[in-house]
Amino acid sequence: MTEHRPDIMPDFAASPTPSLSPAAFRARWQDADGSELANYQLFITDLCRVLGVPSPDPAREDTRDNAYVFERRITFRHGDGSSSTGRIDCYRRSHFVLEAKKIKLGVASKGFDDALQRARGQAESYARALPAGEGRPPFLIVIDVGRVIELYADFTCSGATYTPFPDPRSHRIKLADLCNPDDATLRERLKTLWLDPLALDPSRASARVTREIAVHLARIARTLEEAGHPPELVAGFLTRCLFSMFAEDVGLLPKQNGQGAFRALLETLQGNPQQFVPLLAALWREMDSGGFSVVLRETLPRFNGKLFKQPEVIALDRDQIGLLIEAASADWTQVEPAIFGTLLERALTPTERHALGAHYTPRAYVERLVLPTVIEPLREQWRNVQAAALLLANEGKLAAAHAEVDAFHHRLCQIRVLDPACGSANFLYVTLEHMKRLEGEVLDQMHVFGAGFGGSQQRLEAEGLTVDPHQFLGLELNPRAAAIAELVLWIGYLQWHFRTQGSGLPPQPILKDFRNVECRDAVLAWDAVETVLDERGIPVSRWDGVTMKTHPVTGEAVPDDNARKPLERYLNPRKADWPPADYIVGNPPVSYTHLTLPTNREV
């Protein structure tokens with residue numbers, strides 16, 4: 001008897017699938033009008049042939065052996081102790097749950113979306129009902145046979161929140177686009193989903209790029225501090241440099257000779273380092289105010305905010321400018337804000353560079369808190385609104401349906417999320433990204449009910465009616481971390497804008513000084529601080545808590561008694577007030593030497 005091994009997939013190489021050209025696939029299916037039951041298995045088999053991936057295997061009686069099959073049997077466990085059965089149209093363990101429908105041609109768009117939304121909900125329920133030992137797949141696939149394929153992803157594999165992949169604007173694949181002979185991008189995406197779905201997780205490549213960039217910045221920071229520049233000055237200077245690098249890669253700064261204008265300027269200045277300070281200071285002042293740039297000979301958008309209000313520039317030599325050029329060569333569009341802030345903070349902090357890239361709260365841990373605390377409640381509200389709107393639309397009340405969705409969008413844009421110990425804002429950023437994904441779904445639903453009822457996303461952004469950094473509030477004691485937190489939120493917001501809107505510029509000023517991250521204590525407030533004196537009037541001091549020395553006998557690192565700081569007394573101490581918020585998220589302060597799971601302040 002063969003030993004059962006549910007973790008081992010069948011040997012697909014033993015049964016190759018005959019290929020099918022995209023053109024033949026389209027011709028075969030574009031006019032098919034048979035029922036779902038009659039056609040969906042053949043359609044999926046043909047899709048596998050086009051993609052060059054194995055077709056599903058014959059099903060067996062024991063579901064543990066059905067790792068890749070049609071009609072996978074599933075058992076639903078209900079709260080009253082009863083159970084019922086269902087069948088997944090097509091299932092591949094650790095890859096996807098696929099639900100197929102066949103919507104009659106000529107059905108109005110509202111009915112089309114209604115059917116696909118119900119299919120998505122059905123696929124989600126199947127994924128969550130899978131046996132615990134099999135886990136939740138990273139993808140849901142929803143198909144309108146012969147017409148449309150929709151993709152939804154949850155790379156945490158928790159089954160909690162499947163969101164449109166790669167985003168709400170491009171998760172729906174039409175048959176004509178899939179079969180475009182001049183563009184194999186969509187076919188490659190589906191092929192990867194079939195064979196190695198986690199390779200599509202954008203945070204994997206982004207994490208690698210982010211670490212590489214942080215290493216570059218740490219090297220530059222070290223050389224500047226060794227030259228005698230104060231760490232705070234270095235941090236501010238490099239922060240402006242890195243945003244300029246990001247701005248040129250996403251198109252906020254113009255191209256010159258096929259490359260970003262900021263990098264081109266650096267390359268020009270490497271041979272003339274004496275011009276570095278005046279020209280870079282002039283460029284940053286021009287970015288702050290917008291208009292024609294004498295330095296770049298181009299018209300610039302108005303950046304404003306407070307990043308370039310005091311554009312101090314550190315004089316660099318030829319080699320140091322070379323290090324900046326090396327950092328500018330990275331693809332800054334691929335930065336992962338969820339870890340970028342932490343790594344940047346360490347790169348700019350001399351005492352923390354030893355932990356660069358080694359320890360940070362992984363995105364999966366952040367999502368483990370953010371999703372149930374903020375996103376799942378909002379999505380539950382959205383499902384209720386969506387159901388009500390679709391019911392109104394099916395009754396022909398499109399204006400009322402649009403009003404339901406529009407009202408939810410207004411509420412979404414007013415939600416406030418607070419992290420009272422925000423550090424460099426990785427929790428706030430992840431919340432921002434998931435709320436932007438939800439907003440994209442909401443706006444898509446508004447368009448279903450007719451463009452005449454609402455404007456474009458660009459117009460809503462111009463009116464300030466969009467999910468943006470002003471909704472994400474932070475308290476942070478460390479001034480460097482607080483400044484980085486604001487930067488991280490803006491980079492994340494702008495990444496999402498260009499990912500979904502293409503090359504269109506966001507409303508100006510690009511950076512707004514929302515003052516949403518406050519540099520202050522989240523626990524204690526006071527009127528003033530005074531130094532504690534002894535009976536002789538001499539300041540009382542203690543070890544600074546940071547500086548170490550080598551013990552002369554043991555050779556171990558021990559506190560350096562000569563490194564001291566004065567004791568301070570707080571006058572009129574009291575509980576600190578927090579800004580009003582709808583949700584509170586965050587990680588308590590942790591040691592950089594430990595990787596710590598969120599344990600409190602979770603709700």
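The values are calculated or read from the model by the stated rules, or taken from the named source; none is laboratory data. Everything quoted here is computed from the prediction, not taken from an experiment. Glycine gets a Cβ as well: all are built from the backbone with ideal geometry, and neighbour counts include every protein chain shown. Surface accessibility is based on the protein's heavy atoms, side chains included, excluding ligands, DNA and RNA. Shrake-Rupley method; radii C 1.70, N 1.55, O 1.52, S 1.80 Å.
Before moving on, here are some points about what is shown:
- Given their separation in residues at 0.36 nm each and the Cα-Cα distance between them, ASP319 and VAL532 gain 72.0 nm when the chain is fully extended.
- Close amide H contacts of ARG564 (hydrogens built in the peptide plane, cut-off under 5 Å, sequence separation of 5 or more or a different chain): ASP544.
- Helix content alone sets the calculated 222 nm mean residue ellipticity of the chain: runs of n ≥ 4 DSSP H residues at -39500 (n - 2.57) each, divided across all residues, give -13000 deg cm²/dmol.
- Carbon/sulfur fraction of accessible area - the chain, other protein chains in place, 1.4 Å, %: 51
- Share antiparallel - DSSP beta bridges, region 74-226, percent rounded to 5: 75
- Positive-end residue, the chain charge dipole about Cα centroid, Cβ charges, pick of ALA115, TYR583, HIS470: ALA115
- Region 66-79 - phi-based ³J(HN,Hα) in whole Hz, Karplus 6.51/-1.76/1.60, Gly and Pro as x: 9, 7, 8, 8, 7, 6, 5, 6, 9, 10, 9, 9, 9, x
- Solvent exposure of the chain as accessible area per residue, Å², 1.4 Å probe: 45
- Sorted peptide list for 515-527, 561-573, criterion being average Cβ within 10 angstrom, highest first: 515-527, 561-573
- Accessible surface of ASP183 - all protein chains present, 1.4 Å probe, nearest 10 Å²: 70
- Charge dipole (the chain, unit charges on Cβ, about Cα centre) - positive-most of PRO197, SER244, LEU316: PRO197
- Label corresponding to semi-axes √(5λ) of the Cα gyration tensor in Å when calculated from the structure given, among (1) 55, 24, 22; (2) 69, 26, 21; (3) 48, 29, 26: (3)
- Annotation for GLN30 and ALA403: the two label points, set 7 Å from Cα along the Cα-Cβ direction, are 4.2 nm apart.
- Relative contact order of the chain: 11 percent, from C-alpha pairs under 8 Å at least 6 residues apart in sequence.
- Signed unit charges on C-beta, dipole axis of the chain, positive-most listed residue PRO362, HIS410, ASN426: HIS410
- J(HN,Hα) series, region 396-402, from Karplus relation 6.51 cos²θ - 1.76 cosθ + 1.60, nearest Hz, glycine and proline x: x, 9, 5, 4, 5, 4, 4
- Per-residue packing, averaged as other Cβ atoms within 10 Å, sorts the ranges 249-258, 79-88, 121-130 into the order 121-130, 249-258, 79-88, beginning with the highest.
- Here region 517-593 is assigned +1 on the Cβ of each Lys and Arg and -1 on the Cβ of each Asp and Glu. Its dipole about the Cα centre then comes out at about 120 debye.
- Between SER125 and GLU568, the distance separating the two model label sites (each 7 Å from Cα on the Cα→Cβ line) works out to 5.8 nm.
- Test item: Cα-centred dipole of the chain, Lys/Arg +1 and Asp/Glu -1 on Cβ, debye: 620
- Amide hydrogen neighbours beyond the local backbone of ALA100, cut-off 5 Å, H modeled: ASP89, ILE143
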